[in-house]
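Enquirer: Attaching a single structure in structure tokens format; questions to follow.
The values are calculated or read from the model by the stated rules, or taken from the named source; none is laboratory data. What you see is a predicted model; the values in this text were computed from it and never measured. So basically every Cβ, Gly included, is an ideal-geometry build from the backbone, and we count neighbours across all protein chains shown.
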Amino acid sequence: MIQVIRLGYAQFATQDVGRLEQYYTEIMGLSLTERAEGAAYLNVGLDHHNIVLAPATEKRGLQAIGWQLDGHMELKEVQAELTKHGLACQIKRDAVPGIRELLEVTDPDGGTVHLYSEMELSAPGFAKRGIVPNKLGHIAIAAKNAQKLIAFYTELLGFAKTDWIGDVANFMTCNTDHHTLNVVAAPKSFMHHIAFELRDASHQHDSLDWLARHHIRTVWGPSRHTAGHNIAAYHFNPDNHFIELFTSMDIYIRELGYMEPRPWHEDLPMRPKVWDSLSYWGTDYDFRLESVGADD
């Protein structure tokens with residue numbers, strides 16, 4: 001069985017690599033690992049890269065998502081399994097710095113997915129300046145073909161469904177985090193947001209102060225979500241990508257089918273469910289879905 005175990009990286013096309021690199025290094029506190037063919041490879045602390053910024057002359061936005069596999073299957077076996085389901089995929093060697101071999105897959109919504117088992121651990125460690133998150137925690141995708149994309153991740157890549165917001169947002173995980181992927185049903189396809197995990201509540205308010213000192217407005221939050229119960233705050237980066245900073249996300253115990261108990265849970269045990277709102281605190285969600293897309 002194919003099993004993804006973690007979100008490795010997000011790759012973006014941008015018309016100004018230098019401007020986004022400055023944001024990720026000086027504001028977010030990531031480190032530059034390498035530059036290759038005009039692209040910048042940045043890491044949170046350990047992996048060769050968690051964010052890739054590739055030069056583009058026209059279209060900007062998400063180019064690819066990198067997911068790490070558990071290594072129990074060879075990539076050629078993964079390729080054979082996905083091909084049986086009609087998915088276009090190709091094994092590439094030395095195509096991405098830090099990854100000797102990956103499988104590039106076109107998902108049912110037309111997005112590009114990179115599957116790999118190993119990445120170089122050549123990063124210099126956590127930075128000393130900036131927000132400095134723990135990790136790249138999850139990614140949210142608005143999708144025209146949402147149900148097909150959800151089936152791709154759950155039926156073929158081993159993700160578990162953990163929560164829903166009405167019939168629009170679908171939360172899934174490949175490990176113990178409440179969600180590593182959120183698929184939102186939408187009229188067009190684009191990346192809704194990427195999210196970085198912070199250490200705790202004090203790290204979160206220090207991070208928002210840091211954003212304010214650099215004239216970056218927090219556009220929503222802090223607020224506690226319903227699905228996942230993470231405390232989240234959002235801002236836009238220079239390319240109009242929506243960035244979430246979160247802490248205190250639910251831990252999902254797949255074998256038991258419920259979340260590790262927390263005092264603020266409405267139900268004990270807290271099992272996957274459909275929620276009718278996004279904010280546990282009732283905080284207004286003050287922007288339109290279509291304002292987030294920067295892929296056009």
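Enquirer: Output the residues belonging to the range 82-101 that are surrounded by fewer than 20 Cβ atoms within 10 Å (Cβ to Cβ) and assigned to a helix (DSSP H, G or I).
Expert: Listed by number, the residues that qualify are THR83, LYS84.
Enquirer: Scan the range 101-109 and tell me whether some residue there is more than 25 Å from PHE190 (Cβ to Cβ), touching a residue at least 24 places away in the same chain (Cβ under 8 Å) and in contact with an Asp or Glu (Cβ under 6 Å, 6 or more places away or on another chain).
Expert: Among the residues of the range 101-109, not one is more than 25 Å from PHE190 (Cβ to Cβ), touching a residue at least 24 places away in the same chain (Cβ under 8 Å) and in contact with an Asp or Glu (Cβ under 6 Å, 6 or more places away or on another chain), which makes the answer no.
Enquirer: Looking at ALA123, ALA140, which one is closer than 20 Å to ILE51 by Cα, in the same structural domain as ASP209 (by TED's automatic domain parsing) and not polar (S, T, N, Q)?
Expert: Just a single option satisfies the conditions, and that option is ALA140.
Enquirer: Quick one: which of GLU104, GLU118 is closer than 27 Å to MET28 by Cα and either outside any strand (DSSP E or B) or in the same structural domain as LYS76 (by TED's automatic domain parsing) (or both)?
Expert: GLU118
Enquirer: Provide a single number: the residues in the range 1-43 that are closer than 24 Å to PHE159 by Cα and either surrounded by 22 or more Cβ atoms within 10 Å (Cβ to Cβ) or among the β-branched types (Val, Ile, Thr) (or both).
Expert: 7
Matching residues to (1) modelled with pLDDT of 95 or more; (2) surrounded by 19 or more Cβ atoms within 10 Å (Cβ to Cβ); (3) not assigned by TED's automatic domain parsing to the domain that holds LYS59:
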{"site": "SER202", "(1), (2), (3)": "yes, no, yes"}
{"site": "ALA227", "(1), (2), (3)": "yes, yes, yes"}
{"site": "VAL274", "(1), (2), (3)": "yes, no, yes"}
{"site": "THR283", "(1), (2), (3)": "no, no, yes"}
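For (1) charged (D, E, K, R); (2) touching a residue at least 60 places away in the same chain (Cβ under 8 Å), each residue gets a yes or a no:
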site: PHE12; (1), (2): no, yes
site: GLU21; (1), (2): yes, no
site: ILE27; (1), (2): no, yes
site: LEU30; (1), (2): no, yes
site: GLU37; (1), (2): yes, no
site: ALA40; (1), (2): no, no
site: VAL52; (1), (2): no, no
site: ARG60; (1), (2): yes, yes
site: GLY66; (1), (2): no, no
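Enquirer: Being among the acidic types (Asp, Glu) and touching a helix residue (DSSP H, G or I) at 6+ places or on another chain (Cβ under 8 Å) is the filter; apply it to the range 105-151 and report the residue that is surrounded by the most Cβ atoms within 10 Å (Cβ to Cβ). Full working, then the answer.
Expert: Here is the first cut: in the range 105-151, the ones among the acidic types (Asp, Glu) are 107, 109, 118, 120.
Filter once more, keeping what is touching a helix residue (DSSP H, G or I) at 6+ places or on another chain (Cβ under 8 Å): 107, 109.
Working: ASP107: 22, ASP109: 18.
Only one residue tops the list, namely ASP107.
Enquirer: Residues that are free of Cβ contacts under 8 Å to residues at least 60 places away in the same chain and of a type in the set (Phe, Trp, Tyr): find the strands (runs of 3 or more DSSP E) completely inside the range 178-283 holding 2 or more of those.
Expert: 231-236
Enquirer: Just to be sure before I move on: is ALA186 surrounded by fewer than 22 Cβ atoms within 10 Å (Cβ to Cβ) and modelled with pLDDT under 95 in the structure I sent? If you could, list the steps in order and put the result at the bottom.
Expert: Values: surrounded by fewer than 22 Cβ atoms within 10 Å (Cβ to Cβ): yes; modelled with pLDDT under 95: yes.
For ALA186, the condition - surrounded by fewer than 22 Cβ atoms within 10 Å (Cβ to Cβ) and modelled with pLDDT under 95 - is met.
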